[in-house]
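One structure below.
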Amino acid sequence: MTIKEGWRGRVYEDFEVGDLYEHPLGRTVTETDNSWFTLLTQNTAPLHFDRHYAAQTDFGRSLVNSCFTRALVTGQSVTDISQNVMANLGWDEIRMPNPVFEGDTLYSRSQVLDKPGSNSRPNVGLVTVRTTGYNQDGKVVLRFKRTAMIYKRGQAPKIPRVEIAD
């Protein structure tokens with residue numbers, strides 16, 4: 001039997017400025033996602049968890065917590081962008097041009113904007129991407145720039161290999 005290694009993500013050398021990655025997984029946001037995230041983060045805005053209150057707003061229904069939206073879209077990008085991250089350095093220019101509602105399905109893509117080296121750490125390089133999250137109707141719901149320190153080839157921590165008896 002041949003063992004085939006699973007996807008380990010890109011390393012610094014794999015990125016090229018201008019590359020566009022369509023992230024493979026969509027995710028439908030549930031009422032439970034929104035309520036739990038909102039309560040876990042102690043966000044007391046009733047717009048996120050009180051249907052009666054939310055029905056009286058301009059939106060007419062509960063709005064998904066914007067921090068959840070950012071976390072979800074960032075997570076969708078990990079397999080393509082930061083699987084081999086040493087550290088995230090920042091999210092900039094965060095914009096949310098359209099609301100996200102419970103029941104929306106979000107998708108995302110990222111484009112590489114810059115990839116300078118690192119002056120202080122020879123084992124990593126910096127990668128800056130613009131990530132866009134959009135819903136099932138193609139409406140952009142989130143856009144941000146993110147900069148991360150990505151390990152260079154052969155520098156990421158090793159995942160242990162275990163022999164499994166049949």
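General remarks:
- Test: P97 is free of Cβ contacts under 8 Å to residues at least 24 places away in the same chain and either charged (D, E, K, R) or not in a strand (DSSP E or B) (or both): no
- Total residues in the range 46-70, condition surrounded by 13 or more Cβ atoms within 10 Å (Cβ to Cβ), hydrophobic (A, V, I, L, M, F, W, C), out of contact with any Ser or Thr (no Cβ under 6 Å at 6 or more places or on another chain) and in a loop (DSSP other than H, G, I, E, B): 1
- Sub-6 Å Cβ pairs linking a first residue in the range 147-166 that is closer than 16 Å to V124 by Cβ and among the basic types (K, R) to a second residue that is modelled with pLDDT under 95 and part of a strand (DSSP E or B), at least 6 apart or interchain, number zero.
- Pick from the range 132-154, criterion under 19 Å from D14 (Cβ atoms) and surrounded by fewer than 16 Cβ atoms within 10 Å (Cβ to Cβ), ranking: modelled with the lowest pLDDT: G154
- A count restricted to the range 1-15 and to residues that are within 14 Å of S82 (Cα to Cα) and either exposed (fewer than 10 other Cβ atoms within 10 Å of the Cβ) or over 16 Å from the mean Cα position of the chain (by Cα) (or both) stands at 7.
The values are calculated or read from the model by the stated rules, or taken from the named source; none is laboratory data. Remember, predicted model here, so these are calculated numbers, not experimental data. No Cβ is skipped: glycine too gets one built from the backbone with ideal geometry, and neighbour counts run over all protein chains shown.
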